[in-house]
Amino acid sequence: MRDDRRHPLADAHSDRESANQVPDTPQTRAPSYRLAFADEDFLCRPELRPVRLQLELLKPELAMDEHEIESTIVLFGGARIPEPSKKDTARTETLAELSRFYDETRKFAQLVTKASDGKKNVIVTGGGPGVMEAGNRGAQDAGGRSIGLNIVLPHEQAPNEYVTPDLCFNFHYFAIRKMHFLMRANAICVFPGGFGTLDELFESLTLIQTGRMQRVPFLLFGKEFWQKIINWDALSDAGTISAEDLDLFQFVETAEEAVDVLNNWQDYSRRDQIPGR
């Protein structure tokens, strides 16, 4: 993402290269002599956290603008859900049963991508394995691009092989990563998952519930799973949420059902249509 615009001042790339050619002396070896923007130790200081937050927000934003990404379809879901051909290796019987959502994710991403022009309604996932892999894989099956928003973790931190390389990003801050998930979202689709998926689900719902984010189609794949994990009606009965808040999302089971819901969503006329009929 080099800035090729011409201006009369020396550019940062040239000065960084020139600084590497200076004579080797005690003065030039001193950390204080390094160019601030080229000094990784300096940039990683606690005091520079506000700068790192800004950089982590700006780098993917510029890249997606350069690739003319206008809107996205967000896919959240578990990293541990295997594809059906590998379900025998699943650690639990439930995970093996949930493997069907790998295929539904892949099919859904394929349908969405086939109807996309490569700029609108681009599939975005967390870039990891499981449901995330299936989403990026489905987009690739359809010959389209997809985005992966990876994050540095002790495990599962390598991006899956199906993310479009130029749209594969790595994050340090969960908060900035979640902002990039939602900034262009035309729909949010949540598949079975664990703590990370629940975190993404509830933060997204909270933003919509509180009016901090425009309402978009919000689909939960697998009614049986989600009703077992979360007692939605109990929240409403207790009064901790309004009964109307239960209308912010709906359950679906298949890729085709999800596509139909998106195409017929009553508020969707104000935004880009998803897959065509």
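Every number in this text was worked out from the coordinates using simple rules, so none of it is lab data. Owing to the predicted nature of the structure, the values given are computational and were not obtained by experimental measurement. Glycine gets a Cβ as well: all are built from the backbone with ideal geometry, and neighbour counts include every protein chain shown.
Between ASP65 and GLU97, 0.36 nm times their residue separation minus their Cα-Cα distance comes to what?
7.6 nm
Tell me the relative contact order for region 151-265 as a rounded percent, counting alpha carbon contacts under 8 Å between residues six or more apart.
23 percent
Where does each of GLU68, GLU61 land when they are ranked from fewest to most other beta-carbon atoms within 10 angstrom?
GLU68, GLU61
For region 69-270, please report how many Lys pairs fall under 19 Å Cα to Cα, leaving out neighbours fewer than 8 apart on the same chain.
So the count of such lysine pairs works out to 4.
List ILE176, ILE229 from most exposed to least, where exposure is judged by having the fewest other Cβ atoms within 10 Å.
ILE229, ILE176
Could you calculate the contour length gain from ALA243 to ILE229, that is, 0.36 nm times the residue separation minus the distance between their Cα atoms, to one decimal place in nm?
Length gained between ALA243 and ILE229: 3.2 nm.
By how many degrees, 0 to 90 and rounded to 10, does the Cα axis of helix 131-141 deviate from the longest principal axis of the chain?
Result, in degrees: 80.
May I have the convex hull volume per residue, in Å³, for the Cα set of region 53-176?
Hull volume over Cα atoms, normalised by residue count, gives 97 Å³.
For the charge dipole of the chain, defined by +1 on Lys and Arg C-beta atoms and -1 on Asp and Glu C-beta atoms about the Cα centroid, which residue among ASN150, GLY118, ALA12 has the Cα displaced farthest towards the positive pole?
ALA12
Would you work out the charge dipole size for the chain about its Cα centre, treating the Cβ of every Lys and Arg as +1 and the Cβ of every Asp and Glu as -1, and quote it to the nearest 20 debye?
Magnitude of the dipole: close to 320 debye.
Calculate, for GLU203 and ARG49, the FRET efficiency according to 1/(1 + (r/R0)^6) with r their C-beta to C-beta distance and R0 22 Å; round to the nearest 0.05.
Efficiency at R0 = 22 Å is approximately 0.60.
Which distance in Å, rounded to a whole number, links the C-alpha centroids of region 214-262 and region 117-132?
21 Å
Need one word for region 25-66: rounded, prolate or oblate. Basis is the Cα gyration tensor (sqrt eigenvalues a ≥ b ≥ c); a/c below 1.5 gives rounded, then a/b vs b/c decides.
Oblate, since a/c reaches 1.5 and b/c is not below a/b.
Calculate, for ASP41 and LYS119, the FRET efficiency according to 1/(1 + (r/R0)^6) with r their C-beta to C-beta distance and R0 45 Å; round to the nearest 0.05.
The computed FRET efficiency comes out at 0.70.
Would you please classify the overall shape of region 69-270 from the alpha carbon gyration tensor, given that a ≥ b ≥ c denote the square roots of the eigenvalues, rounded means a/c under 1.5, and beyond that prolate means a/b larger than b/c while oblate covers the rest?
Here region 69-270 falls in the rounded category.
If R₀ is 51 angstrom, what is the calculated FRET efficiency for the pair ASP24 and GLN250, using the beta carbon separation as r and rounding to 0.05?
The calculated FRET efficiency here is 0.20.
What list do you get for PHE195, PHE221 if you sort them by fewest beta carbons within 10 Å?
Result, fewest neighbours first: PHE195, PHE221.
7 Å from Cα along Cα→Cβ at both ASP15 and ALA158: what's the point-to-point distance in nm?
Placing both labels 7 Å along Cα→Cβ, they lie 3.9 nm apart.
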